[in-house]
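The values are calculated or read from the model by the stated rules, or taken from the named source; none is laboratory data. Note that the structure is predicted; figures quoted are calculated from it, not measured. Heads up, the Cβs are rebuilt from the backbone with ideal geometry, glycines too, and the neighbour counts pull from every protein chain shown. To get the accessible areas, we keep the full protein, side chains included, count just its heavy atoms, and leave off ligands, DNA and RNA. Shrake-Rupley method; radii C 1.70, N 1.55, O 1.52, S 1.80 Å.
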Amino acid sequence: MARLQARQAAGVVVIDNAYRILGEYQQKTKPNQPKGVGDVFLKWLLQNAANPQRVHQISLTEVSPKEFTEFPDAVLQPQFDASDRMFAAAAHAHPDKPPIWQAADSKWLAWWRPLGAHGVQVEFLCPADVRRFYAARFPQQPVPELPNGA
């Protein structure tokens, strides 16, 4: 929560210029009735989407539905959740390669290493939650390590 609030106060968020990322966020949150941290952040993002000092919009080349030229690893892309590919593609396409902030989607535990090999870092905002969700979702598999032992 503190990191999202700090980003709202200062810093830049990267989205795609076709608003695919905003559309994905809107499926998961309710910015018109902000109750949770994500709802408040999305409302801020919608209000600031046209402000280049706060939001950088990146052009992505969609070669087929939810497949992007800018995705950092062509071998990983088919294994990657289709609705999440745009986040990795936008981070990779941005000249600063900003980290992807991941709250609790446990699938990203399998993806942070290969993305990191291509210069795209994943930072887990709620490491205990993501570990717990992974263990519940994939009970037969050991929970992967997080970056920097988080």
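If you scan region 121-135, which residues turn out to be assigned to a helix (DSSP H, G or I), hydrophobic (A, V, I, L, M, F, W, C) and in contact (Cβ under 8 Å) with a residue 24 or more places away in the chain?
Initially, region 121-135 is screened for residues assigned to a helix (DSSP H, G or I), giving 127-135.
Now narrow it down to the ones that are hydrophobic (A, V, I, L, M, F, W, C): 128, 130, 133, 135.
Of everything in region 121-135, those that are assigned to a helix (DSSP H, G or I), hydrophobic (A, V, I, L, M, F, W, C) and in contact (Cβ under 8 Å) with a residue 24 or more places away in the chain turn out to be 130, 133.
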From the option list 90, 104, 117, 136, single residue qualifying as touching a strand residue (DSSP E or B) at 6+ places or on another chain (Cβ under 8 Å) and among the small types (Gly, Ala, Ser) is 90
What number of residues within region 87-120 satisfy the criterion of being within 17 Å of residue 4 (Cα to Cα), without any contact (Cβ under 8 Å) to a residue 40 or more places away in the chain and either touching a Cys at 6+ places or on another chain (Cβ under 9 Å) or open to solvent by 30 Å² or more (accessible area, probe 1.4 Å) (or both)? 4
Positions within region 85-119 being closer than 22 Å to residue 64 by Cα, over 11 Å from the mean Cα position of the chain (by Cα) and of a type in the set (A, V, I, L, M), in sequence order: 93, 115
Quick test of your reading of the structure: residue 74 fulfils all but one of (1) crowded, with 16+ Cβ neighbours inside 10 Å; (2) hydrophobic (A, V, I, L, M, F, W, C); (3) under 17 Å from residue 118 (Cα atoms). Name the failing condition by number. (1)
